[in-house]
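Data first, discussion second: the structure below is written as structure tokens.
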């Protein structure tokens, strides 16, 4: 080992100085100099590797040379203070801190951390516990060693929840899927229970209002605005009103049958008929119609509400602005001009257990629980041929068109029966719209980039001798100089 007297601290105690005569002490190696730095006064200093390498080269070049008697001087180590650095995620929602132990220099404490956080403008989502934990680990580190960890997390904005309408009463169509149980546990498919009626004051719909959501913030304290939930209207139809004590409740004002519409419900007067036949005549009623028996051949039934038939519809025509529900079957036949003798048209849903040789047209779903045979069906929603268990439901023959899909347990037959299915007929149009939307999105991206470029050219905000340049959009706020820092106040 080289003589310890060759190395000493500089006058300011900050550096390790090597004074060496090549002819007296050379040749030397880097290991020799590293051993000198293990001496008590120098072991905490940071080795300057480039200087060490240069010292070895120069000393060995002059060793045993005529000019090797001149003393050479090198600074081969120095003191270094502990350091602190921060890493912020691209979305400004998380900050990590790294602490590096000193090489014989000044250490760090909580005051240094807080001062550096202030300089970095990291002010929100800080965890004192995590900072204390890092400082505790930092106190045990060897010179030059580091520890790091997450010390701040922003809070994401929580968007509001959309408003929701909860229907509190059943509808006539739902009775088709809920036949009554007998005392022996069997199910009577012919008994669908009592007629669904409501009384004045009955709660029909209860609205759960949309929520505004909760604003968030990033680690710089910049507010992240939450999107409020989408609202939906609850409107009172005929025979209903909003509860004067609770505007989120729709209640009945008259007795009758509840009928669902787009933004609420109405309560219809109910015309109850045993059978619609030539003896009774055609029916055109402003309200809902309950037919406890059958609709016979050639008859026409029209309603501004729902039509509920507890028996059969046979070669007749039904028009409803609400739902059409047939508890038993819909029966028709093919005429000479190839048209069908039974026609059901509803602005709501059509529900039945069994349908054959009939034309069904609905804006809502078409639900057949047993069989749909040799019929023409059109719906802007779904065509479903299945019972509640999903084990029975035959779609055989005819033509079925459903914009939003067809579901059946069995489709077609092994016999020579033509069954035509049409789904997603607007697919080409939707693809064209998607292409146009994609073009619009790209145009908006270009526009955003242009706006951002213009924002970067905007002059900074000056308050007194302070200034700040911002590239983000700020809502209504006060901008103040507080303690020689510019603050954005959104509280007003």
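Since every read-out is calculated from the coordinates, none of them should be taken as a lab result. Treat the numbers as computed from the prediction; the structure is a model and nothing was measured. Glycine gets a Cβ as well: all are built from the backbone with ideal geometry, and neighbour counts include every protein chain shown.
Using only C-alpha positions, report the orientation-averaged shadow area of the convex hull of the stretch 367-443, nm², one decimal.
6.4 nm²
Calculate, for residue 227 and residue 444, the FRET efficiency according to 1/(1 + (r/R0)^6) with r their C-beta to C-beta distance and R0 25 Å; round to the nearest 0.05.
About 0.90, to the nearest 0.05.
Find the relative contact order for the stretch 4-78 and round it to a whole percent, using C-alpha pairs within less than 8 Å whose residues are 6+ positions apart.
Rounded, it is 46 percent for the stretch 4-78.
Distances longer than 27 Å among the Cα atoms of the stretch 203-330: what percent of all pairs is that?
I get 42 percent for the Cα pairs in the stretch 203-330 exceeding 27 Å.
What Rg and what Dmax come out for the stretch 4-78 when only alpha-carbon atoms are used, in angstroms?
11.8, 37
Can you order the peptides 68-80, 402-414 by their average number of other Cβ atoms within 10 Å per residue, highest first?
68-80, 402-414
Stokes-Einstein at 37 °C, 0.692 mPa s, Kirkwood radius from Cα pairs: D for the stretch 243-390 in µm² s⁻¹?
209 µm²/s
Starting from the Cα-Cα distance between residue 337 and residue 50, subtract it from 0.36 nm times their residue separation and give me the gain in nm to one decimal.
Full-extension gain reported as 93.1 nm.
For the stretch 83-153, take the alpha-carbon Rg, divide it by the Kirkwood Rh, and send me Rg/Rh.
0.96
To the nearest 10 degrees, how steep is helix 128-138 against the longest Cα principal axis of the chain, on a 0 to 90 scale?
In the chain, helix 128-138 runs at an angle near 30 degrees to the longest axis.
Please report the relative contact order for the chain, taking Cα pairs under 8 Å with a sequence separation of at least 6, and give it as a percent rounded to a whole number.
This gives 6 percent for the chain.
Report the full-extension gain for the segment residue 129 to residue 23: residue separation times 0.36 nm, less the Cα-Cα distance, to one decimal in nm.
Difference between extended and current length: 32.3 nm.
At 7 Å along the Cα-to-beta-carbon direction for both residue 11 and residue 485, put a label point, then send me their distance in nm to one decimal.
Rounded to a tenth, the inter-label distance reads 4.2 nm.
If you project the alpha carbons of the chain onto the principal axes, what extent comes out on each, in Å, largest first?
Rounded to whole Å, the extents work out to 138, 60, 56 Å.
Counting each DSSP H run of 4 or more residues in the chain as -39500 (n - 2.57), what helix-only mean residue ellipticity at 222 nm follows after dividing by all residues, to the nearest 500 deg cm²/dmol?
-5000 deg cm²/dmol
Looking only at the chain, where both bridge partners belong to it, what percent of the DSSP beta bridges are antiparallel (to the nearest 5)?
45 percent
Among 159-165, 318-324, what's the highest-first ranking by average C-beta atoms within 10 angstrom per residue?
For the peptides 159-165, 318-324, the packing ranking is 318-324, 159-165.
Can you pull the Kirkwood radius for the stretch 318-412, inverse mean 1/r over Cα pairs, to one decimal in Å?
12.7 Å
Quick one: length gained pulling residue 115 to residue 300 fully straight, 0.36 nm per residue minus the C-alpha distance?
So the chain would gain 58.1 nm between residue 115 and residue 300.
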